[in-house]
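The values are calculated or read from the model by the stated rules, or taken from the named source; none is laboratory data. Note that the structure is predicted; figures quoted are calculated from it, not measured. Quick reminder, even Gly has a Cβ in these numbers, built from the backbone with ideal geometry, and neighbours come from all protein chains shown. Heavy atoms of the whole protein, side chains included, go into the accessibility calculation; ligands, DNA and RNA do not. Shrake-Rupley method; radii C 1.70, N 1.55, O 1.52, S 1.80 Å.
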Amino acid sequence: MTEEFKHDLPDGMTDWIAEAGGGAITRLERHIARREAWVVDVTRPDESVAEYFLRLDREGDGSGTHSVKSEAKVQTALVETGMKVPAISAWNDDLQAALHERMPGRADLDNAEPEEQAAVLEDFIQQLVLLHSLDPDSLGLDHMPIPATSDECALGEIDFVEQFLGGMVTDPLYTYSLQWIRNHVPERLDRVSLLQGDTGPANFMFHEGRVSAIVDWEWAHFGDPMEDFGNICTREFYCPSTPDEGLAPMFRRYEELSGFPVHLDSVRYYRVQQFVRSIVSLARITAINDPQMPNAMNWAYRYICERATCEALADAMGIELERPELPESATASSLEGVVIQNLRDEVLPAVDGDYPRHRLEHATLLVECLDRQRQFGAELANIELDEIAALTGRRAGSLDDGLMGLDHAIQGWGREKESEVLRYLARRAWRLEYLWKPVVDLFPDRKFSRID
């Protein structure tokens, strides 16, 4: 008989898992991650244990190319190719849920020793070469369109995230960067390959100096292999896993193994594209603020990604950015401060379980962010209004109106004030990072690794 576990999974999920595993559920734990997943063990009558990783899509119907169902199709196709991906042990179309084979290892390459990092990255780049060498027509992924031109490769995913946003958020950085993406599509396209779509450190497992599994294929699609290198830059930004020489040795190793060049101008373009996809998606997620989501991480990713987008744009354009002056931290007591202290000192020590403690710690960080907005929000809003007025020639009555006005102006300017606007957007991004510092400090001092 399956043990009783506390969970909020859809009706019928645990019965299906037990039946698929051929036994009783003896472990069911929510995994700490941005996308919902669960660690599950099923113990069979012969006392053997089937170890699974449960992925589900509560709202989806399995259509499209960015879903748990698409991810399961991709992994099933890749198992037959020699790629190190978890097999799909069971799929439930009614529940839109997949039981993944649970692989050994860990994902925190940034915490490994340098020698192990180097060995794992060597194995990973060999896997990437294999992935990009697969014939798109042979994989049976008929639900995925195969682009034929550089424009289709570069803009297909951008079209998707714009539709995903659905006009929910208006922001001058999004308008500016989406406009830039469409105006600077790479001219070169050596080949079209299957891409992981979110590849690099933390999206593969490693064990004893080797890659044990490449995970997270929800964004897989066909496109320019240079996009995956933009992805690597993005993921390495958050999970720094290379020595001082950065990513350049990995890129050269790919060229040696594949026989194809890594075009750094295209990598810089796709590095921007990856961050733009992130900030647009995160804008929608943070506008909804679903209590089931990891909101502290989402807000952290949003504002770090906005600053990184500006830096990636500046690098691609050859523009120097300058950091703005920031206000000094206040020390006055507040009601939010009382709540924070009570949660940390009295409530958190009494909470059991990694996932509940994680949720409480992050909820406390969000309260800290509210406290900082009380302290600095008005001062920073006035700075924004002054700087927007310097660009547009008009000082708006509110920050929302000012940002809306700048957004409209950017659409009309085209490239007229490209450098000047980017410098402002970068200053604004640094100020927003400062305003949201409690959650941003989940990923402190993130910066790009060298690619040349």
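A few remarks follow.
- Hydrodynamic analysis of region 297-400 uses the Kirkwood radius over alpha carbon pairs. Inserted into Stokes-Einstein at 10 °C and 1.306 mPa s, it gives a translational diffusion coefficient of 93 µm²/s.
- The orientation-averaged shadow of the Cα convex hull for region 355-452, equal to a quarter of the hull surface, comes to 9.0 nm².
- Spin-label model, Glu379/Val367: points 7 Å from Cα along the beta carbon direction are separated by 2.4 nm.
- Accessible area of the chain belonging to carbon and sulfur atoms, whole % at 1.4 Å probe: 48 percent
- Each peptide in 245-258, 122-135 gets a packing score, the mean of other Cβ atoms within 10 Å over its residues, and the list from highest to lowest is 122-135, 245-258.
- Val39 paired with Leu134, simple spin-label distance in nm, labels 7 Å along Cα-to-beta-carbon: 2.8 nm
- Straight-distance candidates among the lysines for linking to Lys73, with alpha-carbon spacing under 21 Å and chain neighbours fewer than 8 residues away dropped: Lys84.
- Each of the peptides 104-116, 170-182, 82-94 was scored by the mean count of other Cβ atoms within 10 Å over its residues; in descending order, highest first, they stand as 170-182, 82-94, 104-116.
- For region 386-446, the set of GluC sites (Glu not before Pro) satisfying both a DSSP loop assignment and a count of at most 13 other C-beta atoms within 10 Å is given as Glu416.
- For region 122-147 versus region 291-305, the gap between their alpha-carbon centres in whole angstrom: 31 Å
- About the Cα centre, charge dipole magnitude for region 1-129 (Lys/Arg +1, Asp/Glu -1 at Cβ), debye: 240 debye
- Solvent-free Debye scattering, log10 I(q)/I(0), computed from the Cα coordinates of region 1-70 at q = 0.11, 0.19, 0.22 Å⁻¹: -0.29, -0.79, -0.98
- Candidate lysines for bridging to Lys417, where Cα separation is under 28 Å - those fewer than 8 sequence places away on the same chain excluded: Lys447
- Packing rank of 270-281, 145-156, 312-323, 66-77, where each peptide gets the mean count of other beta carbons within 10 Å, highest leading: 270-281, 66-77, 145-156, 312-323
- Average accessible area per residue (Å²) across the chain - probe 1.4 Å, nucleic acids and ligands excluded: 45 Å²
- Once both labels are positioned 7 Å from their Cα atoms along Cα-to-Cβ, the gap between Gln126 and Glu80 label points is 2.4 nm.
- Cα Rg, Dmax, region 68-166, angstrom units: 16.7, 46
- Within region 74-105, backbone nitrogen closer than 13 Å to the virtual label 7 Å beyond the Cα of His7 toward Cβ: 97-100
- The charge dipole of the chain, taken about the Cα centre with unit charges on the Cβ atoms of Lys, Arg (+1) and Asp, Glu (-1), comes to about 920 debye, rounded to the nearest 20.
- Annotation: extensible slack from Asp352 through Glu322 equals 6.3 nm (criterion: 0.36 nm per residue apart, minus Cα-Cα distance).
- Here the average projected area of the convex hull drawn through the C-alpha atoms of the chain stands at 23.4 nm².
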